[in-house]
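Let me begin by presenting the structure, written as structure tokens, before commenting on it.
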Amino acid sequence: MSVLVTGGTGYIGSHTIVELLNAGEKVIIIDNFSNSKPEVLDKIKEITKKNVVFYKINYLDEKEMQKVFEENPDIEVVINFAGFKAVGESVQKPLEYYHNNVTGALILLQMMKKYHVKKFVFSSSATVYGEPEKIPLTEDCKVGGTTNPYGTSKLMIEQILQDLYHSDSSWDICILRYFNPVGSHESGLLGEEPQGIPNNLMPYIVRVASGTLKELSVFGNDYPTPDGTGVRDYIHVVDLAKGHLKAIEKLRKEEKGLYIYNLGTGTGYSVLDMVKAFERATNRKVPYKIVERRPGDIATCYADPTKAYEELGWRAEKTLEDMCQDAWRYIEKQTEK
Ligand code: UFG
């Protein structure tokens, strides 16, 4: 049996592929390198010494997708990482975002239905909670009130999955709501490589530390948080990747269902905590200045990850120091070249 992974050369996808291969899974990857590079496939091989089946296709291409399912009758489960993910860009390009993320998921699900593959793991996001009803966030907190098309596309797909399961309970679905993934594989071979100037905090910090960018802009220090800067639940990407293996294990069990899990550590750190932790872990300086709040940002967001622990037996194990050191190691390796 094999696991089909869309978006498998992206940041979270590639780390998950490594964990799947290390666990002895047979993997098929689909990607069109819209936000990743072919070299990632070589790195995966270098780390795991294992081969994957790879298709360079856009998951919106129904004919090509059909070919994948025809050629691989042993697909048992699909993990969907494919999708656009830049929050700011999604505000500028809503049609592109809805088309790529929502239509892509629909095509994938239709294909799965046609080929009787009914185990599905979906990459969702804590963004679906909008303004948090309470902190820490539990899976039963209200969702909605997303402030950008990226977040709304995740929410729409969650709704589609609910409706699908409601219509046919032979589906077996796991929705994983990621908090803030950071860091990279300890080999320094895989990591996060946003194109252009990064939007997210950790990629920005590492580029300031390496001298590529001058200083970090801290978006607001007047939030109702201990030091006034935004608080988030940063989780090591390898911990997050391992959560997917646990999700697959759950779907392989006898009973069918639609399950939702927060994948976070349960601890919130502020922007300034992150700057200090990074400086301590890497011995580099991260100059910063305080600027205006970023529109659409919330003050505090962190998970209650109890449900994932109780039902999946998963919890994050890596420390904030690991997250900072591993994020930095990747950048150092990149600049060595
Ligand atoms: N921040 C800065 N300066 C920067 C970048 C970020 O101060 O240059 C701050 C933000 O204001 C926020 C924190 O750092 O307080 C984290 O910001 P990120 O952009 O790294 O992450 P977000 O929490 O805003 O968003 C992330 C993902 C989204 C996802 C969301 C789910 O990027 O895809 O988490 O909660 F939807």
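Coordinate-derived values only; no laboratory data. Note that the structure is a prediction, hence the values are computed from the model and not measured. Because the Cβ atoms are built from the backbone with ideal geometry, glycine has one as well, and the counts that use them run over all protein chains shown.
Computed values, structure above
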read-out: The stretch 281-294: number of residues that are farther than 19 Å from Lys214 by Cα and either more than 10 Å from the ligand (Cβ to nearest atom) or free of Cβ contacts under 8 Å to residues at least 40 places away in the same chain (or both); value: 1
read-out: Output for the stretch 173-208, where each listed residue is more than 13 Å from the ligand (Cβ to nearest atom), outside any loop (DSSP other than H, G, I, E, B) and aliphatic (A, V, I, L, M); value: Ile173, Ile175
read-out: One residue from Thr48, Thr6 being more than 29 Å from Gly151 (Cβ to Cβ) and polar (S, T, N, Q); value: Thr48
read-out: Residues (under 16 Å from Leu109 (Cβ atoms) and surrounded by fewer than 21 Cβ atoms within 10 Å (Cβ to Cβ)) located in the stretch 172-189; value: Asp172
read-out: Matching residues in the stretch 79-103 - criterion: being among the polar types (S, T, N, Q) and in contact (Cβ under 8 Å) with a residue 60 or more places away in the chain; value: Asn80, Ser90
read-out: Search result, residues across the stretch 127-171 that are surrounded by 17 or more Cβ atoms within 10 Å (Cβ to Cβ), of a type in the set (Gly, Ala, Ser) and under 30 Å from His116 (Cβ atoms); value: Ser153
read-out: Tabulated pairs, the stretch 207-218, first touching a residue at least 40 places away in the same chain (Cβ under 8 Å) and within 18 Å of Thr229 (Cβ to Cβ), second near the ligand (Cβ under 9 Å from one of its atoms) and of a type outside the set (A, V, I, L, M), C-beta under 6 angstrom, 6+ apart or interchain; value: Glu215/Tyr288; Leu216/Tyr204; Leu216/Tyr288; Val218/Thr229; Val218/Tyr288
read-out: Residues of the stretch 295-309 that turn out to be within 10 Å of the ligand (Cβ to nearest atom) and either polar (S, T, N, Q) or over 22 Å from Tyr150 (Cβ atoms) (or both), as a count; value: 1
read-out: Of residues in the stretch 209-239 being within 8 Å of the ligand (Cβ to nearest atom), among the β-branched types (Val, Ile, Thr) and not in a loop (DSSP other than H, G, I, E, B), the one nearest to Tyr178 (Cα to Cα); value: Val231
read-out: Scope the stretch 34-57; condition of a type outside the set (Lys, Arg) and either surrounded by fewer than 16 Cβ atoms within 10 Å (Cβ to Cβ) or without any contact (Cβ under 8 Å) to a residue 12 or more places away in the chain (or both); matching residues; value: Ser34, Pro38, Glu39, Asp42, Glu46, Asn51, Val53
read-out: Condition met for Ala247 (away from the ligand (no atom under 12 Å from the Cβ), within 19 Å of Gly188 (Cβ to Cβ) and in contact with a helix residue (DSSP H, G or I) (Cβ under 8 Å, 6 or more places away or on another chain)); value: no
read-out: Extreme residue, surrounded by the fewest Cβ atoms within 10 Å (Cβ to Cβ), among residues of the stretch 190-209 that are over 17 Å from the mean Cα position of the chain (by Cα) and more than 30 Å from Lys49 (Cβ to Cβ); value: Gly196
